[in-house]
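Chemist: Take this structure, written in C-alpha cells, and hold onto it; I'll ask about it next.
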Amino acid sequence: MPELTLDSYSDALYERLPSLFLDDEQHGFFGKDLCKAIMSMLQYLDVITADTPTHPGWTIILDPLVCPEEWLPWCAQVYGVKVPPGLTIEEIRAYINSPPQEARGSTAAMLTEGERTLIGAKHFRVQEQLGGDAYKEQFVSATDETPNPALTLVALTSQKPGGVKLEFTVTESPLIDEGTLLIDEVPETCLAATLADIT
C-alpha cells in the first residue's frame, strides 16, 4: 500500500508519536489516517499560530487586512462588527477595519451604510437641518438606484444618531442636474451661479 501524502500539521503529529505507530505500515497506515483526521479539524491552525515577519503567532487573525479568509467572521466578532451579506472578501476586510459604529451618528456613516443598498451610481442628495430644524435630516435617492427602499431606510436608520428625525424619499427626478459655471477673465474669480445657470 502506498504511503499517504499528508499535510504539514498531520505529518508533524504523526512524527511526534513514533512509539504508537511502529507497525503502522502493516496496518495500512492507520496511524497516518488517524493523524490526518484529527488535524483536519484544526486546519489552518498552523497558519494562524506561526510567526510571520510582520505578525507574532496568533495575531494575524486580529488584523482584518491580512487575516485568512476562513477566519474573517471570527475577526469581525472580535471587533464587534456584524458584516452585512453580499460583500466581497476585500469589502469585508475594509468593513472590519473601519467599523461603522466608530462613526455612528454621523452623516458620513449614514451615507456609507445607505450606499451599500443602492445600485448604479449610488447617489444620495442629503439635506441637513431640513427646514431650519437642527435635528432633521433628509436623504433622497433615485428610484432606478434604489431596488429596495425599505432596506435602504433600515441601513440609514442603523447609523442615525439619537434624537435626529430622518426623512427618506425615493424620487424619479434626477438628483443632480449638470451645470456650468462661467469663469471670469480675472484669475480665480467665478461669476455667481443662479438656478438659471443650471442646465
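Chemist: Take the conditions at pLDDT 75 or above, over 30 Å from Cys75 (Cβ atoms) and within 39 Å of the chain's Cα centre (by Cα) and apply them to Leu34. Does it pass?
Modeler: yes
Chemist: Does the stretch 121-138 contain any residue that is in the same structural domain as Pro53 (by TED's automatic domain parsing), assigned to a loop (DSSP other than H, G, I, E, B) and charged (D, E, K, R)?
Modeler: Of the residues in the stretch 121-138, the ones in the same structural domain as Pro53 (by TED's automatic domain parsing) are none.
Scanning the stretch 121-138 turns up no residue that is in the same structural domain as Pro53 (by TED's automatic domain parsing), assigned to a loop (DSSP other than H, G, I, E, B) and charged (D, E, K, R).
For (1) at pLDDT 90 or above; (2) within 25 Å of Glu115 (Cα to Cα); (3) surrounded by 14 or more Cβ atoms within 10 Å (Cβ to Cβ), each residue gets a yes or a no:
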residue	(1), (2), (3)
Ala50	no, no, no
Gly57	no, no, no
Ile60	yes, no, yes
Asp63	yes, no, yes
Cys67	yes, no, yes
Glu70	no, no, no
Cys75	yes, yes, yes
Tyr79	no, yes, yes
Pro84	no, yes, yes
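Chemist: Also: Restricting attention to the stretch 72-122, which residues are within 20 Å of Thr169 (Cβ to Cβ) and in contact with an Asp or Glu (Cβ under 7 Å, 6 or more places away or on another chain)?
Modeler: Thr107, Leu118, Ile119, Gly120, Ala121, Lys122
Chemist: Do we find that Ile92 is surrounded by 14 or more Cβ atoms within 10 Å (Cβ to Cβ) and at pLDDT 90 or above in this structure? Outline the logic, then answer.
Modeler: Details: surrounded by 14 or more Cβ atoms within 10 Å (Cβ to Cβ): yes; at pLDDT 90 or above: yes.
Here the answer is yes, as Ile92 does meet what is asked.
Chemist: Condition first: farther than 29 Å from Ile61 by Cβ and assigned to a strand (DSSP E or B). Can you find one or more residues in the stretch 147-165 that meet it?
Modeler: First, pick out the residues of the stretch 147-165 that are farther than 29 Å from Ile61 by Cβ: 147-154, 156-157, 160-165.
Filter once more, keeping what is assigned to a strand (DSSP E or B): 165.
Among the residues of the stretch 147-165, at least one is farther than 29 Å from Ile61 by Cβ and assigned to a strand (DSSP E or B), which makes the answer yes.
Chemist: Anything in the stretch 95-116 that is farther than 19 Å from Gly162 by Cβ and at pLDDT below 85? List them, or say none. Outline the logic, then answer.
Modeler: Our first condition is that a residue be farther than 19 Å from Gly162 by Cβ; within the stretch 95-116, this holds for 95-98, 115-116.
Once the filter is applied, which keeps residues that are farther than 19 Å from Gly162 by Cβ and at pLDDT below 85, the stretch 95-116 yields only Ser98.
Chemist: Contact list please: Cβ distance under 6 Å, first residue in the stretch 107-132 and free of Cβ contacts under 8 Å to residues at least 24 places away in the same chain, second residue crowded, with 17+ Cβ neighbours inside 10 Å and polar (S, T, N, Q), pairs at least six apart or on different chains.
Modeler: What qualifies is Gln127/Gln138.
The values are calculated or read from the model by the stated rules, or taken from the named source; none is laboratory data. Quick caveat, the model's predicted, so the values are computed rather than measured. Here Cβ is always computed from backbone atoms with ideal geometry, including for glycine, and neighbour counts include all displayed protein chains.
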